[in-house]
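In what follows, a structure is listed as structure tokens, so that the remarks can point back to it.
Values in this text are rule-based calculations from the coordinates and carry no lab data. Being a predicted model, the structure only gives us computed values, none of them experimental.
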Amino acid sequence: MSENGHRVSSPRRGQRTRRPRADLRYLASTDRQSRPSPTDAGPLRILAMIGSPVALATALMFYFGWIRTRAEAQAFGYDTSVTGMSVQDFVMKSITVLYVPLLVPLLAALLLVWLHHRIIGVARRRAGFRDSLLWYANSLTMSWTIWTALGIILLILVPSLRLFTIPVALTLALLCAIYGDQLRRNLNARQRMPSSVRALILVALALVVFWDTERIAGAVGRAYAAQITSNPKQLMAVTVYSPQSLDITVPGVIVTKLSGRDSAYLYRYDGLRLLQASGGNYFLISQGWDASHRRVIVIPATSNFRVELSR
């Protein structure tokens with residue numbers, strides 16, 4: 001008897017139980033095999049998760065390296081399009097640009113996270129401190145007006161900081177707004193920023209950080225060029241041998257006419273410094289660099305010339 005009162009017949013002794021057909025068992029087994037397992041797409045999912053950030057990071061490093069190289073080239077009086085630099089060259093140029101901007105905010109974020117947890121812990125134990133912290137959170141959320149006004153004032157009073165004033169002021173304003181809202185959420189306050197507004201602020205913050213890094217890349221390029229032009233002798237010395245006159249009339253370059261009939265080179269040029277080697281060319285400047293006559297000498301890396309490097 002079953003629980004609902006119906007009689008359930010059991011197979012009699014000697015009576016065979018009916019088994020499912022072989023073709024039905026085959027269809028069931030193939031159906032189970034055709035269902036995708038959660039681990040089947042694992043490698044593809046992992047490649048997609050890793051490949052996209054790597055591609056994005058490479059693109060950003062290429063862009064910031066290009067910004068730095070363009071600033072350097074403009075300081076020396078030429079354009080990056082003639083350098084023939086590869087993607088790897090631009091990526092390598094961006095390492096010095098991104099190292100400090102990534103390390104300093106990371107260390108600051110670790111310190112702030114530690115302080116944040118300590119503050120929230122104290123606020124949950126003390127009601128008076130919680131009320132004061134809520135007031136500060138609301139003030140931080142609305143402090144974007146103060147940062148904007150401060151940025152405009154600095155832009156007018158300190159023109160030398162015009163490249164950094166607006167992006168830095170916007171970055172601080174957005175960070176204060178986000179952190180103020182995060183404090184209110186951790187304190188379970190009723191007044192919170194809508195999720196759509198919070199998402200828009202995060203997108204704006206990402207764009208402003210990109211703007212900040214671009215400014216830093218340009219500043220690094222100009223600073224490097226200023227360091228080189230102030231003392232070109234810190235670069236590697238270059239001596240160029242040529243079978244014919246190159247008509248290099250740059251201050252600081254010494255031309256020596258070589259004697260000897262069997263010599264493959266008739267002219268030697270001293271007083272040059274190696275600025276860059278890329279695209280199958282040597283980019284040289286004079287050790288007596290003159291800012292009023294900015295000239296970069298390009299020597300192809302071919303067998304027609306002999307280039308000697310020394311310190």
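Short-range pairs are left out: with C-alpha atoms under 8 Å and at least six residues apart, the relative contact order of segment 56-230 is 31 percent. Taking a ≥ b ≥ c as the square roots of the Cα gyration tensor eigenvalues, with a/c under 1.5 meaning rounded and otherwise prolate when a/b beats b/c, else oblate, which class fits segment 218-311? Cα axes put segment 218-311 in the prolate bin.
The 3J(HN,Hα) values that the Karplus relation (6.51, -1.76, 1.60; θ = phi - 60°) gives for segment 227-235 are, in residue order, 5, 5, 5, 6, 8, x, 5, 6, 7 Hz. Gly and Pro appear as x. Close amide H contacts of L275 (hydrogens built in the peptide plane, cut-off under 5 Å, sequence separation of 5 or more or a different chain): F283, L284, I285.
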